[in-house]
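Asks: Let me give you the structure first, and then I'll get to my questions.
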Amino acid sequence: EPDVNNMEKQRALMGLFPRHADIVIIGGGAIGSSIAYWLKEKTSREGIRVIVIEKDMTYSKCSTRLSMGGLSQQFSLPENIQMSLYGAEFLRTLKKRFGHGADVHFTPQGYLVLADEERAQKLIDNNMLQRELGAVNRILTRNQLKSRFPWLNTTDIELGSLGLEREGWFDPWALLTVLRAGAVDLGTQYINGEVVDFTFQLREDFVVEGIEEGSYEALQEVVQLVLNLLNWQSLQKLENRYVCRFECTETPPGINVPMTVDCSGVYFRRDGLGGSFIGGLSPLENSEIAADIYTHQEILPILENRVPAFKSLKIKNSWHGTYENNSFDDNGIVGPHPYYHNLYLATGFSGHGIQQAPAVGRAVAELILDGDFKTIDLTRFGFDRFIVNKP
Ligand SMILES: Cc1cc2nc3c(=O)[nH]c(=O)nc-3n(C[C@H](O)[C@H](O)[C@H](O)COP(=O)(O)OP(=O)(O)OC[C@H]3O[C@@H](n4cnc5c(N)ncnc54)[C@H](O)[C@@H]3O)c2cc1C
């Protein structure tokens with residue numbers, strides 16, 4: 001008996017280009033690999049042929065590899081909250097699903113999102129929604145913050161929202177490895193190559209109802225015109241996220257320091273147990289400033305103001321990673337292309353794609369296989385919102 005499992009793995013490793021595929025996924029990062037895994041998980045092993053085309057098998061520059069791996073439910077949209085809750089559940093049951101060796105080194109630690117007077121009401125509203133949906137977060141007043149986190153400068157802070165469960169950070173590379181191995185084990189084939197273009201063919205057996213014969217091409221032109229007017233390319237920007245690792249030589253905030261998000265957007269968390277921290281900021285505009293200069297100019301002054309003990313910090317290293325930012329409304333784009341209905345999009349997850357990868361993979365598999373979202377309804381994240389100009 002040939003070992004089918006092993007043959008599939010060998011084929012995947014050799015990158016032989018198949019003659020046929022039912023579903024081709026472009027990009028084998030966390031999102032693409034999660035989609036591949038879920039497509040195969042939801043069908044029998046031989047049910048559908050899934051191919052992932054990945055241009056860089058070392059993943060050296062992809063967002064997943066450079067990500068901080070943070071997981072939090074502190075969002076304002078129900079869909080983002082639900083996806084992150086599912087992300088936490090997926091990680092909790094990872095070994096059950098993928099075997100004992102599957103480990104993403106999850107560090108449980110709440111997020112602390114700070115708000116000044118102007119942002120306080122929004123923080124309360126978000127917190128209520130998060131708790132309604134099952135997140136376990138608590139609002140803390142300035143005095144409560146001061147007594148719980150004496151190392152924090154709270155002079156300009158009105159409130160903080162502290163996550164008490166299902167938040168923390170994990171190793172994104174480990175998650176990608178687990179998802180990829182899971183997809184390959186179920187029969188997905190990874191191909192090393194770059195997709196540079198599409199050729200669309202009108203299917204002869206394709207019947208369009210309710211539209212007069214001959215007007216179909218015109219319809220296509222209208223949709224493309226709308227897309228061009230919206231200038232789709234400029235909506236999806238590559239944004240640099242700057243990160244630095246530093247050491248605090250004065251008495252640092254202790255082991256219980258949450259992943260703290262300042263009103264300015266600067267954030268930090270501990271990195272291990274010995275006074276080492278990781279912090280960063282996503283610039284509003286795409287920036288090409290070198291990471292060390294950006295760190296000193298933009299990030300350090302805010303860190304030093306928020307935590308006086310950080311005045312003694314020493315930068316160990318700094319880097320920036322790129323992610324796709326949907327500048328229209330900062331949320332992911334999930335669903336069918338408005339004209340080519342056999343083309344699905346799952347992109348633009350900005351700074352929260354790694355924690356949402358399990359939920360997005362499951363949602364896209366539902367859309368393709370069941371024709372609709374079955375668990376978390378991501379209709380709001382569809383491409384149509386660009387056409388009707390409704391973030
Ligand atoms: C510094 C940094 C910190 C972050 N921190 C967090 C965080 O704390 N929490 C969180 O949830 N998210 C975070 N993110 C965001 C998160 O990492 C991304 O949203 C997520 O990894 C996106 O996954 P992806 O698979 O869509 O993209 P990627 O990981 O970039 O994968 C896309 C893949 O597609 C391949 N590809 C592209 N074009 C082609 C083509 N034409 N043909 C073939 N292959 C192609 C690329 O080589 C790449 O491997 C962070 C990102 C960065 C950069």
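Every number in this text was worked out from the coordinates using simple rules, so none of it is lab data. Just so you know, these numbers come straight off a predicted model, no measurement behind them. Glycine also receives a Cβ, built like all others from the backbone with ideal geometry; neighbour counts cover every protein chain displayed.
Asks: Separation between the Lys390 and Leu273 pseudo-spin-labels, each 7 Å from Cα along Cα→Cβ, expressed in nm?
Replies: About 5.2 nm, to one decimal.
Asks: Once you have the Cα-Cα distance between Glu41 and Asp372, take 0.36 nm times their residue separation minus that, and quote the gain in nm to one decimal.
Replies: So the chain would gain 117.5 nm between Glu41 and Asp372.
Asks: Right, another one. What's the FRET efficiency of Ile255 with Gln121 using the Cβ-Cβ distance as r and R₀ = 41 Å, to the nearest 0.05?
Replies: Using R0 = 41 Å, I get an efficiency of 0.80.
Asks: Pairs of Cα atoms under 8 Å, at least six residues apart: use those to get the relative contact order of segment 236-326, whole percent.
Replies: 48 percent
Asks: Continuing with this model, one more query. Of the cross-linked pairs Lys95/Lys314; Lys95/Lys146; Lys122/Lys146; Lys42/Lys95; Lys95/Lys374; Lys61/Lys316, which ones have a Cα-Cα span greater than 28 Å in the structure shown?
Replies: Checking Cα-Cα distances, Lys95/Lys314; Lys95/Lys146 exceed 28 Å.
Asks: Taking K and R as +1 and D and E as -1, what net charge do the other residues with C-beta under 15 Å from the C-beta of Leu85 add up to?
Replies: Summing Lys/Arg as +1 and Asp/Glu as -1 gives -2.
Asks: On to the next question. Roughly speaking, what % of Cα-Cα pairs in segment 236-326 are separated by over 21 Å, rounded to a whole number?
Replies: 27 percent
Asks: How many nm separate the modelled label positions at Ser312 and Ala174, each set 7 Å beyond the Cα in the direction of the Cβ?
Replies: With each label point 7 Å from Cα toward Cβ, the separation is 3.1 nm.
Asks: Can you give the relative contact order of segment 271-391 as a percent, counting alpha carbon pairs under 8 Å and 6+ residues apart?
Replies: So the answer I get is 19 percent.
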